[in-house]
Amino acid sequence: MDESAALTALKNKEISGIYYNEMTPSLTVNTHGIPESILQSVLESYNNNLHTIQNILKKHPSGILEGLSQMTDTRDLVQELSLGGKTIDGNSQFFYALIAMACLYGCFIGFGAAITLQANLTALATRRCVTPTHKLKLILSEQITSFLLGYTDVIILLIYLSIMLKLDFQGQIGKMLIISLFGSLIGVSVGLFVGSLGKLSEGIKVAVILAISMVCSFLAGLMNSNMKDLVEKHAPIINRINPAALISDAFYCINVYNDTARYYRNLVTLAVMSAAFVMASFLLIRRNRYDSI
């Protein structure tokens, strides 16, 4: 462009700036922003390199080739770190979401436990329902047993990821076990609740459990690492009630963000949701009445 065309384009915001190639190079911009800052940085870098070369030619002309070689040897001097000073692994999101999915898969164990509490489904449930034991005690005993089984599975997964796949959990394995504990608890509780929906067939209940676990894991970033951020941008309330997102976010809080307040908020939310599902399961099972057992 000639100067008049360039000034017109600059005025119409078709370009971000104009370089003038004179004895002393200069830059003309029309506003302040990121593109203009980049152009200014390029100009400053050019002037600094020019000044360096002139000094070498003036004081040590024999070293011009070595000087140019060092100037063109660009090195990566920027390292991506979290606010807590820990290196960010771009693949961590997938593994955190994977652990969250493993926790939610405890819902199948909880579902199996709920089946043993409905007399119209199994003979074992029939015998249990005629006992004088309070229904809440039955539900809590099933939840604890199912939770221990599901939690053991998640612990095995963590050991495999840490030892076999050599994933760096920044020495936070203790807190990760606590997160997995609450994650396994919510998984089993969801399974108990869905299994307590007496009017649905067993096949439909399994489909509902599978849909819940997979959709929650998908929204937490299991299949697409950007999904959780997209949900946070357009519908943040989903991330506040999605168990998989809460589990994954809690892992990020200790391994990347170093945000203890957010970490405890996620754990409390998981605990409250688990208690709500258990109470809902109790109310559903308590309402069941049978003409004969």
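Would you check which residues across region 272-293 are exposed (fewer than 15 other Cβ atoms within 10 Å of the Cβ) and modelled with pLDDT of 85 or more and list them?
Correct list: VAL272, ALA275, ALA276, MET279.
So ALA280 ticks every box in (1) more than 17 Å from ALA102 (Cβ to Cβ); (2) assigned to a loop (DSSP other than H, G, I, E, B); (3) not polar (S, T, N, Q) but one. Which box is left unticked?
In the conditions (1) more than 17 Å from ALA102 (Cβ to Cβ); (2) assigned to a loop (DSSP other than H, G, I, E, B); (3) not polar (S, T, N, Q), ALA280 misses (2) alone.
Output yes when any residue across region 225-245 is modelled with pLDDT of 90 or more and within 16 Å of ILE178 (Cβ to Cβ), and no when none is.
Yes, there is a match, as at least one residue in region 225-245 is modelled with pLDDT of 90 or more and within 16 Å of ILE178 (Cβ to Cβ).
Among ILE173, ILE209, ILE204, which is the only one that is over 21 Å from the mean Cα position of the chain (by Cα) and at pLDDT below 90?
ILE204
Only one residue in THR269, THR260 is at pLDDT below 90 and polar (S, T, N, Q), so which one is that?
From the options THR269, THR260, the qualifying one is THR260.
Does GLY195 meet the test of being within 21 Å of SER141 (Cα to Cα) and either more than 19 Å from the chain's Cα centre (by Cα) or not aliphatic (A, V, I, L, M) (or both)?
Yes.
Out of the helices (runs of 4 or more DSSP H) lying entirely within region 78-143, which hold 1 or more residues that are at pLDDT 75 or above and more than 30 Å from ASN226 (Cα to Cα)?
106-115
I need a count of the residues in region 21-50 that are more than 48 Å from the chain's Cα centre (by Cα) and not in a loop (DSSP other than H, G, I, E, B).
Residues in region 21-50 being more than 48 Å from the chain's Cα centre (by Cα) and not in a loop (DSSP other than H, G, I, E, B): 0 in total.
Does any residue in region 1-27 that is assigned by TED's automatic domain parsing to the domain that holds LEU39 and closer than 21 Å to SER41 by Cβ come within less than 6 Å, Cβ to Cβ, of a residue that is modelled with pLDDT under 90 and part of a loop (DSSP other than H, G, I, E, B) six or more places away or on a different chain, and which pairs are these?
Cβ pairs passing all conditions: LEU10/ASN30.
Considering ILE238, ILE212, which residue is crowded, with 18+ Cβ neighbours inside 10 Å, β-branched (Val, Ile, Thr) and in the same structural domain as ALA97 (by TED's automatic domain parsing)?
None of the others qualify; the one that does is ILE212.
Scan region 152-185 for residues that are without any contact (Cβ under 8 Å) to a residue 40 or more places away in the chain and closer than 13 Å to ALA100 by Cα and jot them down.
Answer for region 152-185, where residues must be without any contact (Cβ under 8 Å) to a residue 40 or more places away in the chain and closer than 13 Å to ALA100 by Cα: ILE155, LEU177, LEU181.
The values are calculated or read from the model by the stated rules, or taken from the named source; none is laboratory data. Remember, predicted model here, so these are calculated numbers, not experimental data. In this analysis, Cβ positions are derived from the backbone assuming ideal geometry, glycine residues included, and neighbour counts consider all displayed protein chains.
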